[in-house]
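Data block below; observations after.
The values are calculated or read from the model by the stated rules, or taken from the named source; none is laboratory data. This is a predicted model, so every value here is computed, not measured. Cβ atoms come from the backbone with ideal geometry, glycine included; neighbour counts cover every protein chain shown.
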Amino acid sequence: MNEPYKTTIEAERAPVIEPGHTFGTVTEKISAIVLTRPASNGWFAGFGIFFLLTMMMLYAIGYLFLKGIGIWGSTIPIGWGFAIVNFVWWIGIGHAGTLISAILLLLRQSWRNSINRFAEAMTLFAVACAGIFPAIHVGRPWLAYWLFPYPNTMLVWPQFRSPLMWDVFAVSTYATISALFWFIGLVPDMATLRDRATHPAARIAYGILSLGWRGSARHWHRYETAYLLLAGLATPLVLSVHTVVSFDFAVGIVPGWHTTIFPPYFVAGAIYSGFAMVLMLAIPIRKIYGLEDFITERHLENSAKVMLATGLIVAYGYGIEAFMSWYSGDRYDAFTIWNRLHGPYAIPYYMLLTCNIFIPQVLWIRKFRTNPVALFAVSFVVLVGMWLERFIIVVVSLSRDFLTSSWGMYYPTRWDWMTYIGTIGMFLALMFLFLRLLPAISIFEMRTLLPGAEVKE
Amino acid sequence: MKRERIYGMMAEFDSAQHLVDAARLTHQAGYNKIDAYSPFPVEGLAEEIGFHHDEVPLVVLIGGIIGGTTGYLMQWWMSAVDYPLNIGGKPPHSWPAFIVITFEMTILFAGISAVFGMLALNGLPMPYHPVFNVPRFALASKDRFFLIVFSSDPKYDPAGTRAFLEGLQPRSIAEVPS
């Protein structure tokens with residue numbers, strides 16, 4: 001575990017933790033954010049704004065339940081509007097958290113230890129936002145539980161040959177496993193907070209959450225085994241989730257959807273947008289809470305590299321889509337690409353290419369990868385781009401299908417926008433609460449990166 | 001009134017290395033009922049105190065097998081036995097379409113088994129434990145390392161064990177009341 005720490009110093013790259021820290025200082029610094037630091041006016045202002053946006057979302061959803069989905073812009077032929085665009089966007093953002101916590105753990109990338117905790121929180125909150133959309137878009141949302149196979153008086157069962165059912169199982173498994181993974185990672189840190197909190201209520205709350213963790217060697221052994229196995233299980237799971245999401249499209253025959261490149265290209269896009277969100281959260285958090293010692297330039301640079309790599313896979317996906325539409329000789333497929341470039345939605349498509357392919361190429365230059373402001377800006381651009389990608393996939397394909405007589409246009413209404421912006425508010429409000437109530441960086445995993453954690457037999 | 005029940009003798013160390021060495025010497029000295037506490041997982045520490053059988057992988061394997069089997073049989077029974085429905089001419093038992101949910105159920109059950117199996121084997125949640133009676137033990141979740149010899153160990157005797165632990169040059173020694 002300690003080797004990467006040393007080699008980075010040798011290679012004169014930014015270290016994973018700034019030198020000079022001990023077990024005590026790491027513990028102090030991270031737990032102080034939760035235990036002793038008073039909530040600033042900035043925190044209240046930020047939380048207040050995002051809480052109001054959450055209320056706006058609830059208002060929009062309340063009105064939706066009252067009136068029905070006619071208040072949205074989605075109508076035939078575009079039956080999948082913002083709801084599916086936003087669902088795919090949010091669930092994709094969540095994927096970076098699992099990648100960081102599970103896949104990078106298996107690959108022994110110890111730099112992940114300082115960003116995995118809040119990246120997992122991000123996953124959880126993003127999945128919560130994603131989960132809202134399929135539930136409310138079904139028309140009669142109070143019957144959304146019909147999706148689950150439960151014994152019922154109608155004597156029917158769900159249709160398991162449909163990708164929509166696969167999606168229900170994939171997303172609910174993903175939400176469950178992400179929550180468990182996150183909670184189990186928190187348990188030893190809850191014990192730290194329990195032992196350090198001075199307020200009796202905090203001690204009781206953290207004490208309950210710590211489950212009585214006492215750091216026994218036997219416990220740690222089983223804990224590490226379970227954690228590693230969970231990482232091993234979460235790795236294929238996260239890849240399967242966006243694969244299944246892409247099946248929602250690829251199993252259909254609509255031109256522009258019916259392609260085999262979709263699963264890998266969706267997964268890459270998910271990680272692309274997820275790392276953009278990780279950076280957009282990490283850059284302000286490290287600045288505001290003075291965590292530059294733990295979230296160093298190295299983390300920013302590594303995340304930027306992942307973004308660059310996955311962005312190139314996404315670009316390859318666009319290329320293959322275009323190539324196959326020509327090579328297959330399918331005129332409807334060829335028309336899809338022509339329509340994207342010259343049709344009524346050409347402007348969003350060019351914006352998508354700019355945001356997802358052209359602008360992120362600046363990340364080839366090291367200066368951009370280590371400059372927090374530039375990275376923040378590029379991450380924002382990527383998030384916009386990835387949202388546009390889902391918009392293009394969902395809306396453009398449906399608006400121009402096989403029959404000219406069934407062509408149409410999609411115009412989102414203010415209720416669409418209120419729901420979408422409201423979920424961003426909810427996501428950030430939850431993030432604000434998380435930062436104040438739970439350690440944003442995994443304390444015990446940071447301790448393992450210190451030189452003193454190394455033991456000779 | 002005072003019942004002198006003693007849970008064990010606890011020694012405090014400054015570093016992970018010191019704890020591992022102390023644990024090895026204690027185990028070699030013939031103490032079998034011992035435990036070690038550290039603020040982070042220390043490699044090889046569990047082996048030094050004589051812990052070799054980790055059942056978590058078996059629990060996860062069983063959980064995964066149950067999950068996968070349940071997932072597949074559920075879909076087969078619902079789609080081919082109880083409610084066969086002709087969807088696009090596909091056979092009622094169209095196994096390729098059932099793979100995704102079988103896979104997800106495998107992961108779900110295995111993951112839940114990993115978490116709850118680990119907690120159950122560790123005997124958690126356990127809000128009260130005698131080691132918490134030692135005030136300095138609060139540092140076990142920060143930067144100190146502890147070794148305990150349980151009073152249930154056949155070799156345990158208050159004076160002799162204390163003398164033995166003194167020999168390991170700990171930072172402090174405390175008797176743990178039960």
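Data for the structure
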| quantity | calculated |
| --- | --- |
| Subset of region A:401-448 that is among the aromatic types (Phe, Trp, Tyr) and within 17 Å of the chain's Cα centre (by Cα) - its residue that is nearest to A:Gly256 (Cα to Cα) | A:Tyr420 |
| For B:Leu85: the one exception among (1) within 22 Å of A:Tyr150 (Cα to Cα); (2) in a helix (DSSP H, G or I); (3) within 9 Å of chain A (Cβ to nearest Cβ) | (2) |
| Residue ID - surrounded by the fewest Cβ atoms within 10 Å (Cβ to Cβ), chosen from residues in region B:1-52 that are farther than 17 Å from A:Glu224 by Cβ, among the acidic types (Asp, Glu) and within 11 Å of another protein chain (Cβ to nearest Cβ) | B:Asp14 |
| Complete set of residues in region A:314-331 that are acidic (Asp, Glu) and either buried (at least 18 other Cβ atoms within 10 Å of the Cβ) or in contact with a Cys (Cβ under 7 Å, 6 or more places away or on another chain) (or both) | A:Glu321 |
| So B:Ile66, is it outside any loop (DSSP other than H, G, I, E, B), more than 8 Å from chain A (Cβ to nearest Cβ), surrounded by fewer than 16 Cβ atoms within 10 Å (Cβ to Cβ) and in contact with a helix residue (DSSP H, G or I) (Cβ under 7 Å, 6 or more places away or on another chain) | yes |
| Whichever residue in region A:64-82 is surrounded by fewer than 14 Cβ atoms within 10 Å (Cβ to Cβ) and either of a type in the set (Lys, Arg) or within 28 Å of the chain's Cα centre (by Cα) (or both) and, among such residues, is farthest from A:Thr419 (Cα to Cα) | A:Lys67 |
| Residue identified as closer than 30 Å to A:Ile33 by Cα and of a type outside the set (Asp, Glu) among A:Val278, A:Val244 | A:Val278 |
| Residue count for region B:129-146, restricted to those that are without any contact (Cβ under 8 Å) to a residue 40 or more places away in the chain and either more than 7 Å from chain A (Cβ to nearest Cβ) or not in a loop (DSSP other than H, G, I, E, B) (or both) | 3 |
| Residue identified as more than 7 Å from every other protein chain (Cβ to nearest Cβ), of a type outside the set (Ser, Thr, Tyr) and more than 25 Å from the chain's Cα centre (by Cα) among B:Ala120, B:Ala97, B:Ala159 | B:Ala159 |
| Options A:Arg369, A:Arg340, A:Arg298; residue that is part of a helix (DSSP H, G or I) and in contact with an Asp or Glu (Cβ under 7 Å, 6 or more places away or on another chain) | A:Arg369 |
| Residue identified as over 26 Å from B:Ala114 (Cα atoms) and either not in a strand (DSSP E or B) or not assigned by TED's automatic domain parsing to the domain that holds B:Ala110 (or both) among B:Leu73, B:Leu25 | B:Leu25 |
| Flag for B:Ser152 being under 30 Å from A:Ile30 (Cβ atoms), surrounded by fewer than 19 Cβ atoms within 10 Å (Cβ to Cβ) and of a type in the set (S, T, N, Q) | no |
| Complete set of residues in region B:53-63 that are buried (at least 18 other Cβ atoms within 10 Å of the Cβ) and either among the aromatic types (Phe, Trp, Tyr) or facing chain A (nearest Cβ under 7 Å) (or both) | B:Val56, B:Val60 |
| Residue check for A:Ala201: part of a helix (DSSP H, G or I) and more than 10 Å from chain B (Cβ to nearest Cβ) | yes |
| Qualifying residue in region A:300-313 (condition: surrounded by fewer than 18 Cβ atoms within 10 Å (Cβ to Cβ), in contact (Cβ under 8 Å) with a residue 12 or more places away in the chain and either within 30 Å of B:Ala36 (Cα to Cα) or out of contact with any strand residue (DSSP E or B) (no Cβ under 7 Å at 6 or more places or on another chain) (or both)) | yes |
| Given (1) of a type outside the set (Phe, Trp, Tyr); (2) free of Cβ contacts under 8 Å to residues at least 60 places away in the same chain; (3) within 30 Å of B:Thr26 (Cβ to Cβ), index of the condition B:Asn86 fails | (3) |
| From B:Pro96, B:Pro92, B:Pro125, residue being assigned to a loop (DSSP other than H, G, I, E, B) and farther than 30 Å from A:Ile204 by Cβ | B:Pro92 |
| Test: residue in region A:160-172 that is under 24 Å from A:Gly68 (Cα atoms) and facing chain B (nearest Cβ under 8 Å) | yes |
| The listed residue being assigned to a helix (DSSP H, G or I), hydrophobic (A, V, I, L, M, F, W, C), within 7 Å of chain B (Cβ to nearest Cβ) and touching a residue at least 24 places away in the same chain (Cβ under 8 Å), out of A:Leu239, A:Leu230, A:Leu279, A:Leu193 | A:Leu230 |
| Sole exception among (1) surrounded by fewer than 22 Cβ atoms within 10 Å (Cβ to Cβ); (2) facing chain A (nearest Cβ under 7 Å) for B:Phe103, by number | (1) |
| Unmet criterion (only one of (1) without any contact (Cβ under 8 Å) to a residue 24 or more places away in the chain; (2) within 21 Å of the chain's Cα centre (by Cα)) for A:Tyr327 | (2) |
| Members of region A:291-319 that are within 15 Å of A:Gln361 (Cα to Cα) and among the small types (Gly, Ala, Ser) | A:Ser303, A:Ala304, A:Ala309, A:Gly311, A:Ala315 |
| Enumeration of residues in region A:148-171 that are over 18 Å from A:Pro134 (Cβ atoms) and exposed (fewer than 14 other Cβ atoms within 10 Å of the Cβ) | A:Pro151, A:Asn152, A:Thr153, A:Met154, A:Leu155, A:Val156 |
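Residue-wise test of (1) part of a helix (DSSP H, G or I); (2) without any contact (Cβ under 8 Å) to a residue 24 or more places away in the chain; (3) not aliphatic (A, V, I, L, M).
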residue	(1), (2), (3)
A:Val127	yes, no, no
A:Ile132	yes, no, no
A:Tyr145	yes, yes, yes
A:Met154	no, yes, no
A:Met165	yes, yes, no
A:Val171	yes, no, no
A:Tyr174	yes, no, yes
A:Phe183	yes, yes, yes
A:Leu186	yes, no, no
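Listed here are the residues, each with its yes/no results for (1) within 26 Å of B:Gly67 (Cβ to Cβ); (2) hydroxyl-bearing (Ser, Thr, Tyr); (3) at pLDDT 90 or above.
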| site | (1), (2), (3) |
| --- | --- |
| A:Leu106 | yes, no, no |
| A:Cys129 | no, no, yes |
| A:Ile132 | no, no, yes |
| A:Arg140 | no, no, no |
